[in-house]
Every structure is written in C-alpha cells, then in structure tokens.
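To start, the structure under review is shown below, and the notes come after it.
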Amino acid sequence: MFKYFPHTEEEIQNMLKVAGVKSLKDLYSDVPESIRFKDDYEIPEAKSELEVRQQLDTLGLLNDQLISFAGAGVYDHYVPSVVPNLISRSEFLTSYTPYQAEISQGTLHYIFEYQSMMAELTGMEISNASMYDGSTATAEAAIMAMSSGKKCTKVLASRTVDPKTLRVVETYAKFQGFKIELIDEKDGVTDREDMRRRLDEGGVAGVILQIPNYYGIVEDYSGFADDIHDKKALMIMNSVAADLAILKTPGEWGADIAVGEGQSLGIPMSFGGPYVGYLCCREKLIRKMPGRIVGMTKDSNGKRAFVLTLQAREQHIRRQKATSNICSNESLMALNVTIYMSLMGKEGLKEAAEQSYAGAHYLCDELVKTGLFTLAYNQPFFNEFCVKYDGDIDALQNRCIAAGYLAGVKIDEHTLMLAVTEKRQKSEIDELVELMKEDAK
C-alpha cells in the first residue's frame, strides 16, 4: 500500500511508537467514519505513452484557440521558440532555491543578469528576484513604503490602477494594519488635485500610480514626484514591463519603487500563470526590499563568483523581522524573462512595442470610422484603449468568439477595452472590425 515510502517497516514502526499510535490508519482516527471515503478511486487503467498523448491532445482540442485582442494586464506577445526549449532543460526546470551558493553558480548568474536587465529597463538602481506577480509585487511595495515612513497610517493609490491589483494591495494592507485610500480619477487619469489634498492630510507613506494605466492611457506624471516627496512619501509606479522599452521609465518620472507584471517579457498567457512580478527601487531602500538580491564578487582564487548578497526573508531570519514572507522562488520565470530580453535586445523590444502601438491606433481609428464606437477617453494611449458602444457588448463579444476572436475586455455595460500586440496582423484587425460591424447590423 505504501510501496513508494523510502522507510523500512522497522523504521515506520519506530516512528509510530514515538507518535503513540499502533498503525498509520490510527493517524486519521479523529476523522469521523461518516465522512471517510471507502469506495474505489475512479482511476483509469494504465495506458501506453501513445494513448496518454492522444487523450491529452483530445482534451487540448476542447480549448478555443482564439485570436486575442484582450489585455488588462496579460498580453499575447510572440515568444521565440528557443525560450521554452532552454527553460525546459532539466538543470533549470528542476532547480529551486539556491541555498548553497557555491554549487548554484548557474542559477545565481542568471538571477544577477535578470536583476541587471530589469534595473536598466525601469531606470532604477536595484532589482530583486522572487516576486509572485505584478499584484503582489505592488502590495510588497506598499509594505516597503509603510516600513520606511514614520508615523504613517496609509498608502494612496490612484483609481486608474488595475482594480485586480488594488484588491490584492487592499488585502495585504488589511492584515498589515494600514489603510489604502483611493485617489479620484478625472477623464481617465489621476486627479492631481485630489492627490495633493490627501497628501496634505498627512500620514501618507506612499502613492501608487500606474503607466500605462488600467485604461491603457499614458498619463503625464510631471511634477507628481515633487508633490509626493515634499510630504516625505514614496512614489510607487506600476508598469507593464514590455511597455518600458519605449515609454518614459519609472526612474525618469522620479519614482522610488518600480513594480509590475513581467508576463509581457516572453512568458505565455498560460490561462493565468505562472507569471513573474518585478520590484526595483532606489539604492537607499535596499534594506526594505523583499525577495533576493544576487551580487557578483570574487572567490578565494580571484575568479568571478555570484552570491546571495541580501535575502531578508523569514526563511533566513526571525519571521517577525522579515521584510516579506514570500518564500517561493520565481527564478524559472525570471530566467524566461532573461532569455527573452537577451534574444530580443534593446532594438527588438522597441520594435515589438512600436508595432503594438501602431496596431492599437490603427484598430482604434478603424472602429471609430464605423460610427458605432467612440473613444472613451480623449487621452494618449499605448497598445490598449477603451471605446464606448451603445449596443450589447456581451452579444458582440460572443459573435466574435464564435468567429475565433477574443474581442477585448468588458469594462462596464457600454465600455470595451481592446489591446493589440505585435502578433496581430493587419488582416486580423480588419476582420475583427468587420465582425463588429456585422454585429451592429
């Protein structure tokens, strides 16, 4: 029954004796008989490798393979085939936390390269590794701000930040004992006057802003850093990582902490994960940063070596003293991002971003030309935008799905948000526009 246990029968009996029970079944004696499962498990008979593959292929065909024009934080970017091939190598796929630095040089090296690339991409001085996703990275940034501020009770966040991210931040805040106050939006962008008013009330540790914001708008944050720093608060900027290839970086905006989702850097959508969050900051905040920081040094022979320079997590120090309780290691996803950025290079990242921008503006123009859609916000946008539609958005999307197109994300009863990446061809955009015109008829 327990043929995969590595212990001998004698060892098992000794452990049971120490535990004060006679058999393994006795360990479950507190589970009432009435709720114990006594039937046979519905496990299919053994199959050959060929049969298993055929069954999995059949299951895979049940998924709708749609051409995606949806975004809202997850984007259908092209991933070169070499990326999944490399990260599937056993030495990467099976590696976990690099506890023993002397025998984990390969893992430490690519984490170091990841950190270097992310610091450059965000315009910040320091980057860590091992963040779950963009939402939890933002929540960790809010906690960093609270631990840096004196006598602070709250963190401000713009209503133009992705609602999914805000919900995660609010959950973290509740159990960390501080408040999240939302800054009003006006015409799809952060209301600067409302932010100033809330800052003047005092007790603010940090302010969370997003670029492009949830609606795809590229907000102008000129002067925001001065407003925030004048009140001794930290500026936290959330961004979709790939967009920073051509947009002004958080560092250039004057942010203290840059956070966001790294899925756009070569990680497939994969039904929602696994993804990777990034968190970069000014050097002065390095002791407040969660996760790991890998550094480069020299060994006793003078050769280059990589070490865990900082890892203020509860696995290494007392739990109550840890900057974060994130324990899992997201370095496989960090490797994915590193290989992708290495292959694409600066110019490749810029080209993908420029094509996404051009495609989104072309789609927007074509939809507005139909007379059925109007741009929801008269603001500059990148590769994602919102349009108003007087008809039934659910019916419109269902018609497009039937034709093989995922037509954006419904924001409210009459607002539809669409995204375009470099994967979308002009013919696909034109066909989507025709489908949406047909639905209106």
Point to revise | Close pairs from region 100-122: first among the hydrophobic types (A, V, I, L, M, F, W, C), partner surrounded by fewer than 20 Cβ atoms within 10 Å (Cβ to Cβ) and in a loop (DSSP other than H, G, I, E, B), Cβ under 7 Å, at least 6 apart | key: Ala119/Glu125
**Study point:** Failed item, numbered, when Ile236 is tested on (1) in a loop (DSSP other than H, G, I, E, B); (2) open to solvent by less than 10 Å² (accessible area, probe 1.4 Å)
**Key:** (1)
Review point. Would it be correct to say that Tyr28 is open to solvent by 70 Å² or more (accessible area, probe 1.4 Å), aromatic (Phe, Trp, Tyr), assigned by the TED database to the domain that holds Asp243 and over 30 Å from Gly404 (Cα atoms)?
Key: no
**Study point:** Pair list, Cβ < 9 Å and 6+ apart or interchain, from region 164-188 residues that are without any contact (Cβ under 8 Å) to a residue 60 or more places away in the chain and assigned to a helix (DSSP H, G or I) to residues that are acidic (Asp, Glu) and open to solvent by less than 60 Å² (accessible area, probe 1.4 Å)
**Key:** Val168/Asp133; Tyr172/Glu140
Exercise for review: Hey, could you check region 374-408 for residues that are among the β-branched types (Val, Ile, Thr) and buried (at least 19 other Cβ atoms within 10 Å of the Cβ) and say which is modelled with the highest pLDDT?
Suggested key: Val387
Review point. Looking at (1) within 30 Å of Ser127 (Cα to Cα); (2) under 28 Å from the mean Cα position of the chain (by Cα), which is the one condition that is false for Ile67?
Key: (1)
Check your understanding: Residue check: is Ser147 among the small types (Gly, Ala, Ser), under 16 Å from Ile257 (Cβ atoms), modelled with pLDDT under 95 and in the same structural domain as Lys232 (by the TED database)?
Key -> yes
Exercise for review: Out of Gly266, Gly277, Gly254, report the one residue that is under 29 Å from Ser148 (Cα atoms), crowded, with 21+ Cβ neighbours inside 10 Å and outside the structural domain of Leu416 (by the TED database).
Suggested key: Gly277
Review point. Is it the case that some residue within region 120-131 is surrounded by fewer than 20 Cβ atoms within 10 Å (Cβ to Cβ), touching a Cys at 6+ places or on another chain (Cβ under 9 Å), within 30 Å of His361 (Cβ to Cβ) and in the same structural domain as Val294 (by the TED database)?
Key: yes
Point to revise | Candidates Val74, Val79 - the one that is under 30 Å from Tyr215 (Cα atoms), buried (at least 20 other Cβ atoms within 10 Å of the Cβ) and either touching a His at 6+ places or on another chain (Cβ under 6 Å) or in contact (Cβ under 8 Å) with a residue 24 or more places away in the chain (or both) | key: Val74
Check your understanding: Do you know which residues across region 414-431 are free of Cβ contacts under 8 Å to residues at least 60 places away in the same chain and under 27 Å from the mean Cα position of the chain (by Cα)?
Key -> Thr415, Leu416, Gln425
Practice item. Scan region 248-295 for residues that are farther than 24 Å from Asp162 by Cα and in contact with a helix residue (DSSP H, G or I) (Cβ under 6 Å, 6 or more places away or on another chain) and jot them down. Key: Lys288, Val294
Point to revise | Hits in region 189-198 - residues which are farther than 25 Å from Leu285 by Cα, open to solvent by 20 Å² or more (accessible area, probe 1.4 Å) and without any contact (Cβ under 8 Å) to a residue 40 or more places away in the chain | key: Asp191, Arg192, Glu193, Arg197
Check your understanding: Are any of the residues in region 199-222 assigned by the TED database to the domain that holds Gly260, without any contact (Cβ under 8 Å) to a residue 40 or more places away in the chain, under 24 Å from Gly123 (Cβ atoms) and assigned to a helix (DSSP H, G or I)?
Key -> no
Review point. Limited to region 356-410, what total is found for residues that are assigned to a loop (DSSP other than H, G, I, E, B), touching a residue at least 60 places away in the same chain (Cβ under 8 Å) and of a type outside the set (A, V, I, L, M)?
Key: 9
Study note, to complete from the structure: Within region 151-187, residues in contact with a Ser or Thr (Cβ under 7 Å, 6 or more places away or on another chain) and open to solvent by less than 80 Å² (accessible area, probe 1.4 Å) come out as Ser158, Thr160, Thr165, Val168, Val169, Phe178, Ile183, Glu185
Practice item. Find the helices (runs of 4 or more DSSP H) located wholly in region 38-104 whose residues include 2 or more that are at pLDDT 85 or above and not small (Gly, Ala, Ser), and list them. Key: 49-60, 82-87
Check your understanding: Within region 411-438, how many residues are surrounded by fewer than 20 Cβ atoms within 10 Å (Cβ to Cβ) and farther than 24 Å from Ile267 by Cα?
Key -> 13
Check your understanding: Just a yes or no: is a residue in region 331-344 open to solvent by 20 Å² or more (accessible area, probe 1.4 Å), farther than 16 Å from Pro84 by Cα and assigned to a helix (DSSP H, G or I)?
Key -> no
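The values are calculated or read from the model by the stated rules, or taken from the named source; none is laboratory data. Fair warning: this is a prediction, and the values are worked out from it, not measured in the lab. No Cβ is skipped: glycine too gets one built from the backbone with ideal geometry, and neighbour counts run over all protein chains shown. Accessible surface is based on the protein model in full, side chains and every heavy atom, while ligands, DNA and RNA are left aside. Shrake-Rupley method; radii C 1.70, N 1.55, O 1.52, S 1.80 Å.
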